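Everything on this sheet refers to the single structure shown next.
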Amino acid sequence: GRWNNWNHSDTPELLAALAICSWVQTVWNWRPIIAVTGATNTGKTTLIEKTIPHLFGKLALSISKPTEAGLRQLIGNSACIALVDEFEVDKHRQAVMELVRTSGRGSQIARGTANQKGASFGLRHIIWMGAIEFGMSREADRNRMILMELGAIKPGPRLVIPPVEDLADLGMRLLAIAMRFWKPCRAMATDLCHLPFPDVDNRVSESYSLPIAMICTIMGEDVAAGRKRMMDSFTERGLVKGAVSDEEDLLSAIFGSQVMVGGGRQMTIGELLSA
């Protein structure tokens, strides 16, 4: 909450809950991707590189611009908590996303090997990512993300980060909460993600069910309260209209394309078809 420039009021609470969930990330039925986005000088790198890693101590794997093989090999068979900053568009981005996508349900990717025995790998991790923009073109990637947006810094006191020792102590307190509440949280998350949320993609509601369940479990709230919290988050973040499919994105782009029709005039494809 020391960042006063979050675009959505519930972000600090969701991030705190996701930090708790990250301690025991391998136990969940579904793991969302945490995507922190913001322009230069909004505090994104301060959060991803200089604050959150100190909560997790030696378990944190803080890296920038990884390749798919690099990320896979660094994680290996550990339960480290990966924080990827500067995840901008480059030639490695889609391959990294294909690996990260396996973390949702803990699925495996199969690869052939020189010895003809084959190998499989995958993740059961809550991946933290930071980028100026994510702009995911694939619906499957967008719906897995809980997007945390940082806007322009507002006037006020300068952002002061707690000392490393205090962050480590806070991290240990969050670990204690995770160990205390993970079982009832997992049960509530299952209940929440099975509830109907009209006009919200099922994978979006599944992603938000985990941090909301953690908040409710800690606060002693029931499933009805959790459902309200989720609807409030969906409404504030503009998710109630439902996630737009890749096909709808493509058709919208086609029908909105402008063409010259003579006489220096332009019309959209949609206007031509309806003329």
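The values are calculated or read from the model by the stated rules, or taken from the named source; none is laboratory data. Quick caveat, the model's predicted, so the values are computed rather than measured. As a convention, Cβ positions derive from the backbone with ideal geometry for all residues, glycine included, and neighbour counts pool all protein chains shown. Just the protein is used for accessible areas: all its heavy atoms, side chains included, with ligands, DNA and RNA removed. Shrake-Rupley method; radii C 1.70, N 1.55, O 1.52, S 1.80 Å.
Averaging the Cα positions of each part gives two centres, and for region 52-89 and region 141-213 these lie 18 Å apart.
Working note: Debye formula, equal point scatterers on the alpha-carbon atoms of region 175-239, no solvent; log10 I(q)/I(0) at q = 0.11 Å⁻¹ is -0.23. In the chain, what percentage of the DSSP-assigned beta bridges are antiparallel, given to the nearest 5? Just about 30 percent of them are antiparallel. Solvent-accessible area assigned to carbon and sulfur over region 189-242 amounts to 54 percent, based on a 1.4 Å probe. Which whole-number percent of Cα pairs in the chain have a distance greater than 35 Å? Everything past 35 Å amounts to 22 percent. When a 1.4 Å probe is rolled over the protein heavy atoms, the share of accessible surface on region 8-99 that falls to carbon and sulfur comes to 54 percent. Calculated accessible area for the chain comes out at 51 Å² per residue, all protein chains present (probe 1.4 Å; ligands, DNA, RNA ignored). Where Rh is the Kirkwood radius over the Cα pairs of region 45-109, the temperature 4 °C and the viscosity 1.567 mPa s, what D in µm²/s does Stokes-Einstein return? Here the translational diffusion coefficient equals 104 µm²/s. Think of the chain as having a plus end and a minus end, set by charges on the Cβ of Lys, Arg, Asp and Glu; of ALA17, ALA82, GLN266, ALA82 sits farthest toward the positive end of this dipole.
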